[in-house]
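Reviewing the structure listed below.
No lab work stands behind these numbers, since they all come straight from the coordinates. All figures in this text were calculated on a predicted structure; none of them were measured in a lab. Neighbour counts are summed over all protein chains in view; Cβ atoms, including those assigned to glycine, are modelled from backbone coordinates with ideal geometry.
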Amino acid sequence: MIESLLVANRGEIARRIIRTARRLGVRAIAVHSEVDADLPFVREADEAVCVGPANPAQSYRNTEAILAAAESTGAQAIHPGYGFLSENADFARTVEASGLIWVGPGADAISAMGDKINARNLMAAAGVPVAPGTTEPAADLTAALAAAGEIGYPVMVKAAAGGGGMGMGVAADEDALRTEYDKVRAFAERMFGDGSVLIERYFPRVRHVEVQILGLADGRVVALGERECSVQRRNQKLVEESPSPAVSPKLRERLLAAAVRAGEAVDYRNAGTVECLLVPGTDEFFFLEMNTRLQVEHPVTELVYGLDLVEEQLRVAAGLAPTFDPDALSPRGHAIELRINAEDPKRFLPGPGVIKTWVEPTGEGVRVDSGYVEGNTVTPFYDSLMAKLVVYADTRPEAIARARTAVADFALAGPKNNLPFFTELLDNQEFTAGTYDTTLITRMR
């Protein structure tokens, strides 16, 4: 097993990784920005290094400072968490070139899946269903209009280098496409340094279902069930659950097999997620993208499969066999995750501030992965996620009931927060029936 691990992240996910590392006897090293110095993950690490000011470009995305911290602390490996540098192929290559262990997939796999057009083409060649769309970037508006005419409106306009729900727009006709194409291209150039745009068929009513995969050290790729992620605002997830109430046993078999093929197509190692769009009322699904990292929502898979995915990541990176038998995977029960964000519960606009009250719910089947405690300040420099409230029970109705109680018992004051939204959602008929899709929040609002 790896002996010392630098966690190149912050908040909830850094704390989560440090917890597993310390359980395994691995020395945990935190890096932090100046503004994060008082957060729990810094105190809970065996050692901590400040890598710069609040601006992520000068701290959590500062590759030189992070590598210097690894060298000065004698770190053997780097875990990037999610966000920041987690899907940066150049950083992964640099880490390995420095003689360190990269806890994630190989840089080539990250590169292959980082470009959405390239990823679509690779998946199609591997027999994974993809939605009708362009096989090369739409070089200009004329090319975009021609592609949309062939695909059929409405279309999704996507930044090829985008991710996390960013860099997307929907066009219902030519006039809308003219606007969205320029808007997405400009955003992509500004945010990702790559203005490449793809045009893809847009499905007005769709479910977002993803499969957790794990590429093992021996070369095998295994699928650890699916997660339903359709409760979204602005194409970003708020709730995840496993298993999906929309996936039948036969569909699950096809979905998981396709995810394994996707991983095998890029010689995948470590944890990753194959995201798909599922057309409601049918067994038709399409590849959306592959996230080459640990997902925010990994706890629901952990609870249903009884695994610690961070431990499995460390074992793969160290060249060790998994803790489980890949041929005898046996999911049980139902898990639901609610993302507790510092944001307005109506319009979902950020609302940072000092946490005056923070009392987490407890009890059977309740897990809270948090990045803050009472007295901490949620700053505007980073993602608004404060904690993940995860519940587990034998059945979905029992899990929903447990979630209602947990939300009511979560005492939080100071920053704006979306707990009131979850109170509303957990009583929503579409959600409780399991018939919802990605437009649910729009209809609720």
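Principal axis analysis of the Cα atoms in segment 378-445 yields extents of 37, 27, 16 Å, listed in decreasing size.
Of all DSSP bridge pairs formed entirely within the chain, close to 80 percent run antiparallel. The tail of the calculated P(r) for segment 132-201 beyond 20 Å holds 15 percent of all Cα-Cα pairs.
With neighbour counts taken as other beta-carbon atoms within 10 Å, the residues Cys276, Cys50 rank, fewest first, as Cys50, Cys276. Residues His79, His32 in ascending order of nearby Cβ atoms (within 10 Å, fewest first): His32, His79. Per-residue extension of 0.36 nm, minus the Cα-Cα distance of Arg93 and Glu189, leaves a gain of 32.2 nm for this segment. Rounded if a/c is under 1.5, else prolate if a/b beats b/c, else oblate: with a ≥ b ≥ c from the C-alpha gyration tensor eigenvalues square-rooted, which is the chain? Since a/c stays below 1.5, the shape of the chain is classed as rounded.
Cα extents for segment 207-444 along the principal axes, largest to smallest and rounded to whole angstrom: 49, 42, 33. Size of segment 311-355: Rg and Dmax of its alpha carbons, in Å, are 19.2, 48. What separates the Cα centres of segment 85-121 and segment 214-272 is a distance of 19 Å. Of Gly193, Gly365, Gly133, the residue with the greatest mean-square motion in the GNM of the chain, using alpha carbon springs below 10 Å, is Gly193. Of Ser72, Ser59, the sequence from fewest to most neighbouring Cβ atoms within 10 angstrom is Ser72, Ser59. For Gly106, nonlocal amide neighbours, meaning residues 5 or more places apart or on other chains whose placed amide H falls under 5 Å from its own, are Arg269. In debye, nearest 20, what is the charge dipole magnitude of the chain about its Cα centre with +1 on Lys and Arg Cβ and -1 on Asp and Glu Cβ, if you could check? That gives the chain a dipole magnitude of about 640 debye. Taken over segment 4-103, the convex hull of the Cα atoms encloses 79 Å³ per residue.
State the Kirkwood hydrodynamic radius of segment 105-245 in Å, one decimal place, computed from all pairs of distinct Cα atoms.
Averaging 1/r across every pair of different Cα atoms and inverting gives 16.3 Å.
Identify all lysines with a Cα-Cα distance to Lys116 below 26 Å; exclude those on the same chain that are fewer than 8 residues away in sequence. The reachable lysines, counting only those whose Cα sits under 26 Å from Lys116, are Lys158, Lys183, Lys237. Charged neighbours of Ser111, selected by a Cβ distance under 13 Å, balance to -4 (K, R count +1; D, E count -1). Set against the 2.2 N^0.38 Å expectation for a compact globular protein, segment 336-386 has a Cα radius of gyration ratio of 1.20.
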